[in-house]
Amino acid sequence: MSECLFCRIAAGTVPANKVDETEHVLAFRDLNPQAPSHVLLIPKQHVASAEVLGPEHAALLANLFALASRVARSEGLDGGWRLVTNVGPDAGQSVLHLHFHLLGGRRLGWPPG
């Protein structure tokens, strides 16, 4: 999907401040951070949103969550962290490529929005 911003970031044709990656998942810093530590985690293959996830994505999601945990440790988020995904425009999904926001480094309130 050459028109997808996150696909281009995953392919390396658009620069990003990479934090970590695996064969299937990329973690990079959010350009508009909402917490001291704000990292986006995306699958390298195009998946539009959590709405389309099925059993065939189980290994991808396991890989993504494992990388999130590794990034949180490397960011020193011992006090806790939040992992959030938005589905659709009403929830604030602005890029139609599955992505999770890893937020931490400060006390996070609830409800979030």
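Please give the number of the condition PHE100 fails out of (1) farther than 21 Å from LEU5 by Cβ; (2) within 13 Å of the chain's Cα centre (by Cα); (3) among the aromatic types (Phe, Trp, Tyr).
The single condition PHE100 does not satisfy is (1).
Quick check on region 15-23. Is at least one of its residues under 18 Å from VAL87 (Cα atoms), within 13 Å of the chain's Cα centre (by Cα) and crowded, with 19+ Cβ neighbours inside 10 Å?
Checked against the condition, which is being under 18 Å from VAL87 (Cα atoms), within 13 Å of the chain's Cα centre (by Cα) and crowded, with 19+ Cβ neighbours inside 10 Å, region 15-23 yields no hits at all.
Which of the following residues is under 20 Å from LEU31 (Cα atoms) and at pLDDT below 95: SER94, SER74?
SER94
Farther than 18 Å from VAL25 by Cβ, among the hydrophobic types (A, V, I, L, M, F, W, C) and surrounded by fewer than 18 Cβ atoms within 10 Å (Cβ to Cβ): which single residue out of LEU108, LEU61, LEU83 fits that description?
Just a single option satisfies the conditions, and that option is LEU108.
Inside region 1-95, counting only strands (runs of 3 or more DSSP E) that do not spill past its ends, which hold 1 or more residues that are closer than 26 Å to TRP110 by Cα?
25-29, 37-43, 81-84
The values are calculated or read from the model by the stated rules, or taken from the named source; none is laboratory data. Remember, predicted model here, so these are calculated numbers, not experimental data. No Cβ is skipped: glycine too gets one built from the backbone with ideal geometry, and neighbour counts run over all protein chains shown.
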